[in-house]
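Here, each number is a calculation from the coordinates, and none is a lab measurement. Being a predicted model, the structure only gives us computed values, none of them experimental. Reconstructed Cβ throughout: ideal geometry from the backbone, glycine too, with neighbour counts over all protein chains shown.
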Amino acid sequence: MKSLPGPRRAALITGASSGIGADLARELARKGYDLVLTARRADRLLQLKREVEAESNITAHVIVEDLSTPEGAQSLIRQVTELELPITFLANNAGFGIHGGLLDHDPEKLQSMLQLNMVSLTTLTWHFGRVMRARGEGRILNVASVGAFQPSPYYAAYSATKAYVLFLSEAVQHELRGTGVTVTTLCPGMTHTEFHEAAAHPKTGLIAWTGMGPVTVARRAVRAAIRGRAVVTPGVLNQLTGFFVKLMPRSFATAMAGVMMR
Ligand SMILES: NC(=O)c1ccc[n+]([C@@H]2O[C@H](COP(=O)([O-])OP(=O)(O)OC[C@H]3O[C@@H](n4cnc5c(N)ncnc54)[C@H](OP(=O)(O)O)[C@@H]3O)[C@@H](O)[C@H]2O)c1
């Protein structure tokens, strides 16, 4: 589908090489955004670049970067700045989880996850939020999880990073009222992507038969971000979970999450 002519807008999408991020890129391309696609797997990013450029009248740029290192976010910012694009949409989507008991996590992997899921996301929100505020327009989409709604045993550190993302984003959304910049938090539930493979979490039991496709999740996320909504939780089951968890004693919600995530 070709986009309509008009002033160029550009979107930066982290974790665009697979899953929700790749579908966020497809959706934003359909809406006419030029794209900056970033992740570590260059081949996947180049394949997506070819696909979206063939289908939509946009240009996609590829930047290969590891955002789990302390230098990754600053290096990405430098490279995006050199492109001189009007970034009016930032999707902080890159992230991974580690399944299992916290004390059994590999310590280096744990550090990488904290850096990627929280520190790099915060640095990118800070930098591009300032650029957008100066322009008087912008949309930031930060990807959290339904795991942010309660402590999740066997994803203890991962779900805590997502609670950080949710709290940070909701607070900054409030701070930015009236600036033309909004921050939307996406809280997906189980989504069929490469996430569980990366987390070394076999897809059995509940997670095997529940879940949504990344296309639907990405579509709802982009729509909510463009409208400037604070939080979007795709799927009725996930919305009900979010609602009932707030009514339960925290210890009970934690125990239930423990049963689901074991
Ligand atoms: N799938 C679910 O059930 C689910 C549920 C709730 C929330 N989420 C969240 O949704 C987001 C997207 O995940 P997904 O489900 O689409 O999983 P996915 O298919 O595994 O995608 C993860 C993306 O993050 C990128 N990434 C991982 N490590 C990176 C690093 N060190 N530096 C830069 N990029 C990195 C990956 O690219 P490379 O490997 O090429 O670097 C990939 O593009 C994540 O934040 C995840 O926590 C997922």
>> Relative contact order for region 1-155: what percent, with Cα pairs under 8 Å and sequence separation of 6 or more?
In response: 24
> How much length, in nm to one decimal, is gained on full extension between Leu46 and Val64, taken as 0.36 nm per residue of separation minus their Cα-Cα distance?
Replying inline: 5.5 nm
> Could you put Ser112, Ser56 in order, starting from the residue whose Cβ has the fewest other Cβ atoms within 10 Å?
Replying inline: Ser112, Ser56
> How do 125-134, 176-185, 86-95 rank on mean C-beta neighbours within 10 Å, highest first?
Replying inline: 86-95, 176-185, 125-134
> Using mean Cβ contacts within 10 Å as the protection proxy, how do 162-168, 238-244, 26-32 order, highest first?
Replying inline: 26-32, 162-168, 238-244
> Which of the DSSP-defined H helices in the chain satisfy a minimum axial length of 27 Å, computed from C-alpha atoms, and a minimum mean Kyte-Doolittle hydropathy of 0.0?
Replying inline: 156-175
>> Within region 176-218, name every residue whose backbone N is under 14 Å away from a label modeled 7 Å from Cα of Asp106 along the Cβ vector.
In response: 198-201
>> As a test of the formula, what do you get for the chain when each DSSP H run with n ≥ 4 contributes -39,500 (n - 2.57) and the sum is divided by the residue count, at 222 nm and rounded to the nearest 500 deg cm²/dmol?
In response: -15000 deg cm²/dmol
> Efficiency by 1/(1 + (r/R0)^6): what FRET value for Glu137 and Thr216, r their Cβ-Cβ distance, R0 = 30 Å, to the nearest 0.05?
Replying inline: 0.65
> Once both labels are modelled 7 Å past Cα along the beta-carbon direction, what's the Ser251-Glu197 spacing in nm?
Replying inline: 4.1
> Which value, in debye to the nearest 20, describes the size of the charge dipole of the chain about its Cα centre when Lys and Arg Cβ atoms bear +1, Asp and Glu Cβ atoms bear -1, and nothing else is charged?
Replying inline: 900
> What's the extension gain from Arg177 to Phe243 if we count 0.36 nm per residue and subtract their Cα-Cα distance?
Replying inline: 21.2 nm
> What is the count of Lys pairs in the chain whose alpha carbons sit under 18 Å apart, if the two are 8 or more places apart or on different chains?
Replying inline: 5
> How much length is gained if the chain between Gln74 and Trp209 is pulled fully straight, taking 0.36 nm per residue apart and subtracting their Cα-Cα distance, in nm to one decimal?
Replying inline: 44.6 nm
>> Skipping prolines and chain starts, which residues have an amide H placed within reach, meaning under 5 Å, of the one on Ala91, given they are 5 or more residues away or on another chain?
In response: Leu12, Ile13, Thr14, Leu141
>> Give me the dipole magnitude in Debye, nearest 20, for region 71-176 about the Cα centre, with unit charges on the beta carbon: positive for Lys and Arg, negative for Asp and Glu.
In response: 260
